[in-house]
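Participant: First the structure, which I've put down as structure tokens, then a few questions once you've had a look.
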Amino acid sequence: MTADLPEIRSLDQVLEEAKGLPAVRAGLVGAETPEAIEMALHAEQTGLIEPVLVGRRHVIEPLMQAQGVSFPVIEASTPDAMARVAVDAVESGQVRLLLKGHIHSDVFLRPIIRHLRHAPRVSHVFAAEMASYHKLLFITDAAINIAPDVQAKAEILQNAVNFTWWLGNKRARVAALSATEMVNPAIPSTLDAACLAKMGERGQISHAQIDGPLAFDNAVSAESARIKGIISPVAGHADILLVPDLVSGNILYKDLEYLAGARFAGIVLGACVPVVLTSRADPEPVRLASLALARVAEHRQARVESLPPVETGSCGHPH
């Protein structure tokens, strides 16, 4: 049994639900640019977070003064130190959410993966909203895991399935992507996709309907699948796209954003607190939507009475 949670169908729905939740103290790591201060201010005004800025105080305070705001500051002199003290702030209960500011992703993530992991793997998921698709489309992993093997892909996929479960989808349709819908030993990603589909049939990946390999067109277009003779409950109706590797996922995500006009939000999965990993080039609406998605997912997860299996641990004690 689970709590009766309506399914999330749009990013506007995410934002509206998040605005009804209490703000949480959030560490903005690398808050040393005017854009970071402005982001903290707008997120506070929207009611999503109570910002705690992490970085060099002598840099941050003049920036706050220039914008007429004042937030708590945790002093850290280098990017590595910023990431470390942010994790310390989570473990001490000082903050309940982490947000990447002007800091490289690998530096930001390293202590999070080491100390705050509570699932077998830390991964990332994008939620894409497009006028050309009939529902939210989730893409994983286009930001953290570079070249995952089939076991890593299974863990990435379970994270994403659990996440869509919290958002109200009790049996996500998953397309394991490759360049073709045919299994071809010369294309390793087709073999991985076929294995993942069988793992789904055998219950090794729970609460999902998985098909693969599928090319991108048959994953999102029922007409393309019909023309190619693909009979699949997933083809044309995918909720989750599992990409073969980070490079292909990153290209797909940016293509959809820049050429197809997709609206995006993205968060890290598998840590014991919500983690928002946005690009330094992301516009503010993406950052706010990502924060909202993190808040809604956390709140809904706490309301679920029975979750798909996930290896859990406490902050600071990863399994």
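Participant: What's the exposure ranking of Phe126, Phe108, Phe216, going from fewest to most Cβ atoms within 10 Å? Could the numbers behind the result be given before it?
Facilitator: On the way: Phe126 28, Phe108 23, Phe216 18.
The fewest-first ordering by Cβ neighbours comes to Phe216, Phe108, Phe126.
Participant: Give me the percent relative contact order of the chain, please, defined on Cα pairs under 8 angstrom at least 6 residues apart.
Facilitator: 23 percent
Participant: Could you state the number of Å between the C-alpha centres of segment 15-88 and segment 132-190?
Facilitator: If you average the Cα positions of each part, the centres end up 32 Å apart.
Participant: What is the Rg over Rh value, at two decimals, for segment 123-270, using alpha-carbon atoms and the Kirkwood definition of Rh?
Facilitator: Values: Rg = 13.7 Å, Rh = 14.8 Å.
Across segment 123-270, the Cα-based Rg/Rh ratio is 0.92.
Participant: Something else about it: How much length is gained if the chain between Thr46 and Lys170 is pulled fully straight, taking 0.36 nm per residue apart and subtracting their Cα-Cα distance, in nm to one decimal?
Facilitator: Values: separation 124, 0.36 × 124 = 44.64 nm, distance 2.98 nm.
Roughly 41.7 nm would be gained on extension.
Participant: When a footprinting reagent is the concern and you count Cβ atoms within 10 Å, what order do Arg202, Arg84, Arg287 take, fewest first?
Facilitator: Result, fewest neighbours first: Arg202, Arg84, Arg287.
Participant: Give me the net charge for the shell around Pro274: Cβ to Cβ below 9 angstrom, other residues only, Lys and Arg +1, Asp and Glu -1.
Facilitator: Within the 9 Å Cβ shell, the charges total +1.
Participant: With springs connecting C-alpha atoms under 10 Å apart, model the chain as a Gaussian network and identify which of Ile146, Ile231, Ile49 has the largest mean-square fluctuation.
Facilitator: The residue with the greatest mean-square fluctuation here is Ile231.
Participant: Okay, moving on. Note down the relative contact order for segment 123-270 as a percent, whole number, built from C-alpha pairs under 8 angstrom at least six residues apart. Don't skip to the end; give the middle numbers.
Facilitator: Working: 308 pairs, mean separation 52.7, N = 148.
Relative contact order comes out at 36 percent.
Participant: Using a Förster distance of 45 angstrom, determine the FRET efficiency expected from the C-beta separation of Arg226 and Arg110, and round it to 0.05.
Facilitator: The pair Arg226/Arg110 has a calculated efficiency of 0.45.
Participant: What lysines sit close enough to Lys198 to cross-link, taking a C-alpha to C-alpha distance under 22 Å and skipping anything fewer than 8 places away on the same chain?
Facilitator: The reachable lysines, counting only those whose Cα sits under 22 Å from Lys198, are Lys153, Lys170, Lys228.
Participant: Run the numbers for Asp149 and Gln94: contour at 0.36 nm per residue of separation, minus the present Cα-Cα distance, in nm.
Facilitator: 16.2 nm
Participant: With a/c under 1.5 counting as rounded, go ahead and sort segment 194-260 into rounded, prolate or oblate using the C-alpha gyration tensor (a ≥ b ≥ c being the square roots of the eigenvalues; past the cut-off, prolate if a/b is larger than b/c, else oblate).
Facilitator: The shape class here is oblate.
Participant: Which value does Rg/Rh take for the chain over its C-alpha atoms, Rh per Kirkwood?
Facilitator: So for the chain, dividing Rg by the Kirkwood Rh gives 0.98.
Participant: Here is a follow-up. Could you work out the helix-only [θ] at 222 nm for the chain, with each DSSP H run of four or more residues adding -39,500 (n - 2.57) and the total divided by the number of residues, to the nearest 500 deg cm²/dmol?
Facilitator: Helices in the chain give a 222 nm mean residue ellipticity of -12500 deg cm²/dmol.
All of the numbers you see were taken from the coordinates with simple rules; none came from a lab. Remember, predicted model here, so these are calculated numbers, not experimental data. When we count neighbours, we look across all protein chains shown, and the Cβ atoms used for this are built from the backbone with ideal geometry, even at glycine.
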